[in-house]
Amino acid sequence: MSSMSPFENAMKQLKKSAEMLKLEPWITEALSNPQKIIDVHFRVKTKSGIRTFHGYRVQYNNSRGPFKGGIRFHPNVDIDEVKALSFWMTIKNAVCNVPFGGGKGGVTVDPKKLDKEELEALSRAYIKAIHSDIGSDVDIPAPDVYTTPEMMAWMADEFGKLRGKYDPAVITGKPLDKGGSIGRDNSTALGGVYVLEEAVKVYGIKEKTVAIQGFGNAGSWAAKILHERGYRIVAIADSRGEIINPEGIDVVKLAEFKEKTGSVLGFPGAKQTDKSIFETECSILIPAALENQITSENAGKIKAKLILELANGPTAPEADEILKGKTIIVPDVLANSGGVMGSYFEWVQNKKDERWDASKFDKELKTKITEAFNNLYFTSNQRRITLREAAYVVAVGRIADAMKGEKNA
Ligand code: GLU
């Protein structure tokens, strides 16, 4: 594990871009802290009695538009992590040029230990605890690790009840029949694949073998889409372990297997291995789980030519330095931005009471994310910096411009 906390890592990235941009100190100072932290304890009736949970919503910056970012249900959620994730959302929304600031929420909970009824009670109680601070023009949550469209529906419904009016635009990532959008369910992975296809072209990566860490929403969709596009998925890891098959894993069958058993382990079409996923012989590595996974300890063992960061913050800054010049990293704030772009499209549809079809959604996603990639690729070549450095230079520049335009700046 990296010795740095996720937020310390995030601040290192900010400092570096501030130096490159020769940012005015007041802007760096303002961007070194979230604008608001909402820290709540709330009660939920569970089968084992009434329990108190700890939740957060961090509103990092809204200079470019309402705070926007997901809600995470995970046992390791703490304030440091949510702060980092909300900062990265601020950067991401600026990189992909959607009119949002950045925020993030989380509850410290192992959702795998709760049943459906308890999860509904938890989702509703969390929204009740933070509702006065969110709204469709103020702060718009969405799904993240271990939160689902169904939970978003409960949250939007609860918010509507508390305010006396249902406003679907308050939360994105909803199911289709609750004001969700076609395409949002796999937009994180699909956006990542669109970026990958551009990246392999410009960096001349011919071999199409892939290892994926994480088989949740982003990882499993990415595996499926890449498989359909002729990539060979040679290794997959989930929170319990890793499976490998150099001939290629049948990811459709694997998804059915995981649905039944809860893990990729024991899948008959591959071998279980104790080796770290990051050491896999492959050309493309996709971390699609949690932050701080690629560190100074394992970065040197990576064989992939390109890393596509579908997770948020998977690579620690010291690992970035080790990989520089050896491995292309398509950074999280671009690679996984298809998720929030999809959320933006859903929000626009809700606001305008429109319904897009699949081809319109797909066309907008592809155009917007390709444009974001080309912009970063151009900046990285022009300044001779990595794609991540380019992402921060572009994003922090845009946020700084917005901050300078504010009355009280
Ligand atoms: N949780 C996703 C992310 O980290 C999506 C956020 C959103 O759609 O607001 O980008």
Worksheet, complete the sentence: Residue hits (the stretch 75-93; within 14 Å of the ligand (Cβ to nearest atom) and either at pLDDT below 95 or aliphatic (A, V, I, L, M) (or both)) are V77, V82, A84, L85, M89, I91
Item to complete: Six or more apart or on different chains, Cβ under 8 Å: which pairs go from a residue in the stretch 212-241 that's more than 15 Å from N186 (Cβ to Cβ) to one that's charged (D, E, K, R) and in a strand (DSSP E or B)? Could you list them?
Response: A235/E242; I236/E242
Fill in: Members of the stretch 94-115 that are surrounded by fewer than 24 Cβ atoms within 10 Å (Cβ to Cβ), within 13 Å of the ligand (Cβ to nearest atom) and among the basic types (K, R)
none
Discussion item. Looking at the stretch 150-173, I want the residues that are part of a helix (DSSP H, G or I) and have a partner that is surrounded by fewer than 18 Cβ atoms within 10 Å (Cβ to Cβ) and modelled with pLDDT under 95 with Cβ atoms under 6 Å, at least 6 apart or on another chain. Which pairs are those?
Written reply: none
Item to complete: Select, from E197, E207, the only residue that is more than 24 Å from the chain's Cα centre (by Cα), at pLDDT 95 or above and among the acidic types (D, E).
Response: E207
Discussion item. Could you check the stretch 212-233 and list, in sequence order, the residues that are in a strand (DSSP E or B) and more than 19 Å from A311 (Cα to Cα)?
Written reply: R232
Response to the item:
Scanning the stretch 324-358 for residues that are part of a loop (DSSP other than H, G, I, E, B) and not charged (D, E, K, R), the one surrounded by the most Cβ atoms within 10 Å (Cβ to Cβ) turns out to be S337
Item to complete: Considering every residue within the stretch 280-289, establish whether at least one is out of contact with any Pro (no Cβ under 6 Å at 6 or more places or on another chain), within 16 Å of the ligand (Cβ to nearest atom) and of a type in the set (S, T, Y).
Response: no
Response to the item:
Scanning the stretch 29-74 for residues that are among the aliphatic types (A, V, I, L, M) and either more than 16 Å from the ligand (Cβ to nearest atom) or loosely packed, with under 15 Cβ neighbours inside 10 Å (or both) gives A30, L31, I37, I38, V40, V44, I50
Discussion item. So in the stretch 78-93, with the set limited to residues that are of a type in the set (A, V, I, L, M) and crowded, with 24+ Cβ neighbours inside 10 Å, which one is farthest from N375 (Cα to Cα)?
Written reply: V82
Worksheet item: Of all residues in the stretch 52-66, which are of a type in the set (G, A, S), under 19 Å from A400 (Cβ atoms) and touching a helix residue (DSSP H, G or I) at 6+ places or on another chain (Cβ under 6 Å)?
Response: S63
Worksheet item: Within the stretch 127-137, is there a residue that is acidic (D, E), more than 10 Å from the ligand (Cβ to nearest atom) and surrounded by 18 or more Cβ atoms within 10 Å (Cβ to Cβ)?
Response: no
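The values are calculated or read from the model by the stated rules, or taken from the named source; none is laboratory data. Keep in mind that this is a model prediction, so the values were computed, not measured. Cβ atoms come from the backbone with ideal geometry, glycine included; neighbour counts cover every protein chain shown.
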